[in-house]
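What follows is a single structure, written as structure tokens, with notes after it.
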Amino acid sequence: MKRHRNATAPGTDTATQNTSAAAAYNLFDLLSDEIVFAILDFLAASNPLDTKSFSLVCRSFYLVESRHRRVLRPLRHDHLPRILSRYPNVARLDLSLCPRITDASLALVSRTSSADSLRSIDLSRSRFFSYSGLLSLVLNCRNLVEIDLSNATQLRDAAASAVAEAKNLEKLWLGRCKLITDMGVGCIAVGCKKLKLISFKWCLGVTDLGVELIAVKCKELRSLDLSYLPVTNECLPAILKLQYLEDLVLEGCFGIDDDGLAALQHGCKSLKMLDMSSCQNITHVGLSSLISGAGRLQQLTLAYGSSVTLALANSLKMLPSLQSIKLDGCFVTSSGLKAIGSLCISLKELSLSKCVGVTDDGLSSLVIKQRDLKKLDITCCRKITDVSIAHITSTCTNLASLRMESCTLVPREAFVLVGQRCHLLEELDLTDNEIDDEGLKSISRCAKLSSLKLGICLNISDDGLSHIGAYCSKLTELDLYRSAGITDPGILAIASGCPDIEMINMSYCQDITDSSLISLSKCSKLKTFESRGCPLITSLGLAAIAVGCRQLNKLDIKKCHNISDAGMLPLSHFSQNLRQITLSYTSVTDVGLLSLASISCLQSITVLHLKGLTASGLAAALLACGGLIKVKLHASFKPLLPQLLFEHLEARGCVFEWRDKEFQAELDPQCWKLQLEDVAQ
Amino acid sequence: MVHLIITRKGQVPSKPDEVLTQQQQQLITADLTSIIVQLISTAGTLLPSVKTIGQFGQFTPKPAAVSPEQQQQQQSNNSMDVEHNYSTTEEHEEHEDGETEHLPPGSYEILQLEKEEILAPHTHFCTICGKGFKRDANLRMHMRGHGDEYKTPAALAKPPTVKEVGSAAEPVIIKRYSCPFSGCKRNKDHKKFQPLKTILCVKNHYKCNTKKFSVMADLKTHEKHCGRDKWLCSCGTTFSRKDKLFGHIALFQGHTPAIPPDETKTVVALAPTDAAAAANKLADGSGLATMDFNSGAQALMDFKSVDDPAGAAAVASCFSPLNFDSCNFVGGFPEFNRQGFDDSEASFSFLLSGGSCNYSSQKTGGES
């Protein structure tokens, strides 16, 4: 934003020159606002930064862009006055990047010209505001329909009563508002009659009375999240009377049990999504009475609940619309899976991650009829072998997403089948598997592949990866964490074959050198770059990334010992979009850290075990980086810096995390995996 | 009627251990209660025939489930006079219908203790003046000051009960207590004054009002009798139980829970002043941040001056638990708040004019 402002001056200069030279004739003046707005819509869809460039062309473009923009997501709260006056038609104000939003900030929002157009505000990451700020906001922004107050742990019932003044409110998130009680919820129930969505997740002060009143007063409710509330069976009858209720989340409601559910006259007919994860006291008995008659149910989540037996599976019949079942972390039996397979035949999504008891027999009979299956998650199903994979690949040829981290008994040959039969795969997670280069070669046939995770695959090498680089041109995400067989040629293949790559992780691929980084610098869309523990990388490679990848947003170069201040200087100059950086164990000193202050977006830094960092250098850097939200520091700095400094930074919205781990030397990858297996056993 | 009693009298003692079904017992109890009431009303006419009443006095307590002590006491006092009989019945009734006590004004003596006296951790109280003591021995020494009858060795050995005093001396003057908190319903100057019955009531009631009760769980049950209802609706109705309030709100359109005033105050000013203080103390490198904090604090003050009077007015009028009787209708509904918002001066002065609101308006004034 700071740069933005600086750049405006030359922009207007050229505009005036143009008008004088080109006889004050602008083709864009002939276009109506609607057409220009349509063009801008396309611009914004392809890359938000392009609209920024557009606004810098000339004064009229600047004005058009100001009128066009509907969504604002400011990086700093101190920009608020300027941007609110610049963009009068903003409908959504996302303040999730501004930790410090005071009552004054909210009063400012409510006073600007955009107050009438504002429909949605996100305060989920903001602190420091209270009852009075909220009251002025809702009283002045009469068209507000969405307020996200999640994590506002400081708010009390008075704040809830202020929210209740927003008579047109349709969506309200109150997650983790722990101090709000039934009284506040009662105010909201009475005040916000048009509510369609409300989330009470972790609102520990809300009980049956509040929930019941919401259900009685807000008849329009579509979506209700009661996760981890201390509610009991008593609130259920009122909830089930809601005529339009579609989404109901009862995750972790320990107070609801089979007896209460069995007493219900009827289930909820309109229900489309039901989440009963971690409900320890509900078995198939309660479930079947809750979903009896719920003919429109599409999505059912029973993660970490009672065991998936034949009886539970039988309660799922008469659900013709069911498309998604999530049973993560449950104990499952083969007969249960078999019954689900025969009762639910039009599944699109199935999740069995971390389930105990998934065998080849059970899984095969479950998927045998699921021709429409799009998403399958069998993470950590450690008993399945190539038999399951053969069944899955032969039936579910439409799979778009397959996640099978740590299926350790699946042999390397099985992955060839995945590539041969599932051509439509877009997301593939093969972390910690036996896949080898043959498998990768086969998978390279999936031309739509956009996300590929190959972490801890010790059998793959550059040969396999070069096939991916050659054919999977849509790849945006590649994870090679601890896949030690990968070196520069592999990365080069990816860099030249996958121009859209946005995220790459090559941590602990120890043979990676600067040439990999130089080749990756061609990928201009790269946003996340992680190369922990690559000792051969130097400042030179980092400089190439900084110059080439201007959209870089997250950088992790922990344990790259050879990166020094020389790498930080180009970074601070070119990577103006950097938000998050991890510099632990590098050779960066005070100078390098201080230079980062010129990146105005920078919000999170982790600086542990920097030998060249002094207390005063750190203090200067912390003060200079005005937008910091999160700083991870070694505990040894705590006594070295004045307490007042920390208080000041915390008042700006910064959170400190203190670590006191000893300096750790690195293990080699093979040894690391052996250690991991020791722990697993 | 006398005939009826006599027949009953013949029945009951003749088979005292016979199995009387509950229904029968209840029937008898109901009969007798009505008889008692009738008897009292006709007491004046029956006065000459002392004998009948003596019999009655001997008999009544037995089926009417009075504590055994009282039975004993009454049986031992066979030669009880009419007046005493009258007072025991009255006491009995009082116990039955808890707080709805309707003593005519002037029929009792009002005692009002000092605040310090109430809050002191005393357990022994003088039945005459209400003064409290930590030790019973000190109370007994204190009692000597109330007259010669307390100076006897017997009186010093064991504190006399009210009844004994009453029976010994002239008819007892009923004592009731007033809360020293002016504006409180339990204060003797309140127009709807409801006296507190015992010194223990005073103690607990006063703690309710000074908000020290939250740690004392047993006070919750006591609240009912103290006239301090915790759950308020915007319409001014108060409830002793939260579920009753929510039932009420579910039933009526436009009614909403009223949030106690202390919640709106605590958070408001904290964060910005902190930040401003930190910014002032620390001469930091980035001028941007300092400026921001100053402007932030200033903006907040502006904001307060715009919004707070109305907010405070709403708070003062709507949420003060102590005076909802007299003025809750002013700010109880949110709609009224809005009016106050436009013309904050007017609403504020209106509040100040209300006599019983003094306390709360002072409080909010000090706050802003």
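The values are calculated or read from the model by the stated rules, or taken from the named source; none is laboratory data. Owing to the predicted nature of the structure, the values given are computational and were not obtained by experimental measurement. Here Cβ is always computed from backbone atoms with ideal geometry, including for glycine, and neighbour counts include all displayed protein chains.
Within region A:496-516, restricting attention to residues that are outside any loop (DSSP other than H, G, I, E, B) and within 26 Å of the chain's Cα centre (by Cα), which residue is surrounded by the fewest Cβ atoms within 10 Å (Cβ to Cβ)?
The extreme case among them is A:MET503.
Mind telling me which of the residues A:ILE504, A:ILE518 ends up being of a type in the set (A, V, I, L, M), at pLDDT 95 or above and touching a Phe, Trp or Tyr at 6+ places or on another chain (Cβ under 8 Å)? Write out each step before concluding.
On the way: A:ILE518 fails: touching a Phe, Trp or Tyr at 6+ places or on another chain (Cβ under 8 Å).
Answer to the selection: A:ILE504.
Residues of region A:401-425 being part of a helix (DSSP H, G or I) and among the β-branched types (Val, Ile, Thr), which ones? Break it down stepwise before answering.
If we filter region A:401-425 for residues that are part of a helix (DSSP H, G or I), which is where we start, we get A:414-421.
Listed by number, the residues that qualify are A:VAL416, A:VAL418.
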So A:MET568 fits all but one of (1) in contact with a strand residue (DSSP E or B) (Cβ under 8 Å, 6 or more places away or on another chain); (2) part of a helix (DSSP H, G or I); (3) hydrophobic (A, V, I, L, M, F, W, C); what number is the exception?
(1)
Mind listing just one residue for me: the one in region B:220-264 that is of a type in the set (Gly, Ala, Ser) and modelled with pLDDT of 85 or more and, of those, farthest from A:CYS235 (Cα to Cα)?
B:SER234
Of the residues that sit in region A:63-93 and are among the charged types (D, E, K, R) and over 17 Å from A:PHE128 (Cβ atoms), which one is nearest to the other protein chains (Cβ to nearest Cβ)?
A:ARG82
If we only count helices (runs of 4 or more DSSP H) wholly inside region A:576-664, which ones have 2 or more residues that are more than 14 Å from chain B (Cβ to nearest Cβ) and either under 27 Å from A:ILE101 (Cα atoms) or small (Gly, Ala, Ser) (or both)?
A:590-595
Out of A:GLU212, A:GLU234, I need the residue that is surrounded by fewer than 24 Cβ atoms within 10 Å (Cβ to Cβ), within 11 Å of chain B (Cβ to nearest Cβ) and assigned to a helix (DSSP H, G or I). Which one?
A:GLU234
Residue tally, condition surrounded by 24 or more Cβ atoms within 10 Å (Cβ to Cβ) and farther than 21 Å from A:LEU649 by Cβ, over region A:124-134:
5
Which condition number in (1) modelled with pLDDT of 60 or more; (2) assigned to a helix (DSSP H, G or I); (3) among the basic types (Lys, Arg) is the one that B:LYS163 fails?
(1)
Among the residues of region A:534-554, how many are farther than 23 Å from A:SER53 by Cβ and surrounded by 23 or more Cβ atoms within 10 Å (Cβ to Cβ)?
6
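Any residue at all in region A:461-477 that's more than 21 Å from the chain's Cα centre (by Cα) and among the basic types (Lys, Arg)? Spell out the reasoning first.
Step one: of region A:461-477, the residues more than 21 Å from the chain's Cα centre (by Cα) are A:461-473.
Narrowing further to those that are among the basic types (Lys, Arg): none.
Checking region A:461-477: not a single residue is more than 21 Å from the chain's Cα centre (by Cα) and among the basic types (Lys, Arg).
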If you scan region A:102-146, which residues turn out to be assigned to a strand (DSSP E or B) and within 12 Å of chain B (Cβ to nearest Cβ)?
A:ARG127
Looking at region A:37-49, is at least one residue at pLDDT below 85 and under 30 Å from A:ARG652 (Cβ atoms)?
yes
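Restricted to region A:151-185, and to residues that are hydroxyl-bearing (Ser, Thr, Tyr) and surrounded by 20 or more Cβ atoms within 10 Å (Cβ to Cβ), which residue is farthest from the other protein chains (Cβ to nearest Cβ)? Break it down stepwise before answering.
Start the filter on region A:151-185 by keeping residues that are hydroxyl-bearing (Ser, Thr, Tyr), which leaves A:153, A:161, A:181.
In the following step, the residues that additionally are surrounded by 20 or more Cβ atoms within 10 Å (Cβ to Cβ) were identified as A:161, A:181.
Working: A:SER161: 5, A:THR181: 9 Å.
Looking at the filtered set, the residue picked out is A:THR181.
Identify the residue in region A:335-349 that is assigned to a helix (DSSP H, G or I) and small (Gly, Ala, Ser) and, among all such residues, is surrounded by the most Cβ atoms within 10 Å (Cβ to Cβ).
Out of the qualifying residues, it is A:GLY336.
From A:SER388, A:SER394, A:SER442, A:SER365, which residue is buried (at least 24 other Cβ atoms within 10 Å of the Cβ), assigned to a helix (DSSP H, G or I) and among the polar types (S, T, N, Q)? Talk me through it step by step, then tell me what you get.
Numbers: A:SER394 fails: buried (at least 24 other Cβ atoms within 10 Å of the Cβ); A:SER442 fails: buried (at least 24 other Cβ atoms within 10 Å of the Cβ); A:SER365 fails: buried (at least 24 other Cβ atoms within 10 Å of the Cβ).
The conditions single out A:SER388.
Results for (1) more than 29 Å from the chain's Cα centre (by Cα); (2) farther than 18 Å from A:CYS330 by Cα; (3) part of a loop (DSSP other than H, G, I, E, B); (4) of a type outside the set (Phe, Trp, Tyr), shown as yes or no for each residue.
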{"site": "A:LEU261", "(1), (2), (3), (4)": "yes, yes, no, yes"}
{"site": "A:LEU264", "(1), (2), (3), (4)": "yes, yes, yes, yes"}
{"site": "A:LEU271", "(1), (2), (3), (4)": "no, yes, yes, yes"}
{"site": "A:SER277", "(1), (2), (3), (4)": "no, no, yes, yes"}
{"site": "A:GLY286", "(1), (2), (3), (4)": "yes, no, no, yes"}
{"site": "A:ALA294", "(1), (2), (3), (4)": "yes, yes, yes, yes"}
